[in-house]
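**Q** Shown below is the structure under consideration.
The values are calculated or read from the model by the stated rules, or taken from the named source; none is laboratory data. For clarity, every value in this text was computed on a predicted model and none was experimentally measured. Here Cβ is always computed from backbone atoms with ideal geometry, including for glycine, and neighbour counts include all displayed protein chains. Heavy atoms of the whole protein, side chains included, go into the accessibility calculation; ligands, DNA and RNA do not. Shrake-Rupley method; radii C 1.70, N 1.55, O 1.52, S 1.80 Å.
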Amino acid sequence: MLIHSETQQPTESPHRIDVAEDFIYNSRNPKYNTASRTWRKQTDSPYLYRCIVDSREHAYTDGTGFATLEPAAHERKVLQRISEVIGFALLFFLLVQLGAGSLIVWVMHRLGMDIRLDFLTFSMSGSQWLVIAVRIFVMLLQYGGALLIANRYFRVPMRVQMPVTAKAFPEAMGAMGWAMCSAGVFCVLEYIGGDGAESAQQLFSYKNTTALTVYGLFHILILPFLHELLMRGTLLPVLRQFGDGFAVCAVAGMSALFPNSVPARVGMCLIGLGAGYFLLGGGSFFNCVLMHAIYHALIHARLVLAYHDGAFATPLQYALILGAVGAVAMITYCITRRGHLRLENRTTQLPNRRKIMVLSESVTMLPWIAFSLLTAVVQLLL
């Protein structure tokens with residue numbers, strides 16, 4: 001998919017293929033392009049896919065010397081290593097989400113603090129400050145631990161993780177429009193499922209408005225940054241070695257598998273697709289965080305409408321407004337960037353179907369996917 005051009009140096013010979021050198025980095029941020037290329041070509045890491053083939057010599061190298069593996073076999077081997085690390089990080093994320101909160105609440109309750117846990121529904125009650133503090137701590141532990149694990153192995157440089165540029169304003173507009181459309185889809189799905197009123201009642205049962213404000217600000221400002229730093233800042237650059245479209249879709253799919261409600265899974269998948277696309281197109285990490293923050297703000301705002309029982313607008317009217325405004329912003333972006341909307345690097349040595357299988361079959365990734373799919377199926381059945 002072509003987004004914006006940066007001069008790509010041709011290979012030295014038509015017989016010679018260098019997968020790292022031939023990879024196209026063409027966002028609107030030249031510094032991001034240069035940093036990405038330098039990291040991939042010069043970093044000594046077993047998690048970077050670098051392979052050179054010369055059809056005249058029938059010899060292959062992986063950046064450190066001659067190898068007997070063919071390019072497709074070498075690509076599969078590197079992707080397997082990456083899958084193991086990603087699976088390890090996501091398993092840690094899942095275990096913390098399932099067990100850390102319960103353990104912390106149990107310990108705090110034993111110490112005489114006013115907080116309790118319903119082990120059937122995993123809902124917490126008691127002091128609202130303590131409940132919110134536990135929830136925030138668990139989310140910080142989830143993302144912090146997963147980021148430490150991923151960066152311990154992948155060593156993605158800061159300039160690749162969090163690029164910023166002032167040249168990606170149209171992408172920022174498109175990101176805001178996509179966030180509105182995604183929030184509209186979320187609202188429609190939640191309305192169909194009948195969960196909006198229940199969520200509003202749970203939220204506004206909190207009498208401590210200060211605690212509720214702190215929790216809302218964390219969800220709108222801090223959580224999007226942490227999520228995007230893990231998914232788009234760390235995992236996307238690593239998986240991008242195997243194709244732009246594959247990386248964007250794979251990381252978005254992981255977001256959709258995080259344990260959550262069905263509307264939230266769909267919304268996070270849409271946000272993941274949009275954030276990955278606009279990051280590779282505009283070269284600005286800020287657009288990813290902006291999109292995610294607007295999405296969270298809009299889905300929190302719909303709770304106010306549900307709480308007031310449609311006095312201002314019904315959930316469907318709200319979703320329609322979001323979709324209409326978002327569509328205008330997206331159309332404006334497409335007109336501005338017409339002719340430069342497709343991403344490059346659509347194919348590598350392995351077909352996408354095979355890459356998905358390799359990514360999902362490691363000993364750490366497979367259990368995480370299995371549990372996530374099981375919870376999704378249970379949600380649909382119940």
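**Q** Once label points are set 7 Å from the Cα along Cα→Cβ at both residue 261 and residue 327, what is their separation, rounded to one decimal in nm?
**A** Calculated label separation equals 2.5 nm.
**Q** Take the alpha-carbon positions of the range 225-382, form their convex hull, and give its projected area averaged over all directions (one quarter of the hull surface) in nm².
**A** 11.2 nm²
**Q** So if R0 is 45 Å, what FRET efficiency would residue 84 and residue 297 give, r being the distance between their Cβ atoms, rounded to the nearest 0.05?
**A** 0.80
**Q** Could you put 249, 334 in order of accessible surface area, largest first, with the 1.4 Å probe and the full protein assembly present?
**A** Accessible-area ranking of 249, 334, largest first: 249, 334.
**Q** Starting from the Cα-Cα distance between residue 377 and residue 31, subtract it from 0.36 nm times their residue separation and give me the gain in nm to one decimal.
**A** 120.2 nm
**Q** Using R₀ = 25 Å, calculate the FRET efficiency as 1/(1 + (r/R₀)^6) where r is the Cβ-Cβ separation of residue 335 and residue 148; round to 0.05.
**A** 0.05
**Q** Within 10 Å, Cβ to Cβ, of residue 236, how many net charges do the neighbouring residues add up to if Lys/Arg are +1 and Asp/Glu are -1?
**A** Net charge around residue 236: 0.
**Q** So how much slack lies between residue 360 and residue 135, counting 0.36 nm per residue of separation and subtracting their Cα-Cα distance, in nm?
**A** Taking residue 360 through residue 135 to full extension adds about 78.0 nm, to one decimal.
**Q** Let me ask something else about it. What pairs from 31/77; 41/77; 77/167 go past 28 Å between their alpha carbons?
**A** In this structure, 31/77; 77/167 exceed 28 Å between Cα atoms.
**Q** Then there is this: Stretched out fully, how many nm does the piece from residue 169 to residue 304 gain, at 0.36 nm a residue minus the Cα gap?
**A** Length gained, residue 169 through residue 304: 45.5 nm.
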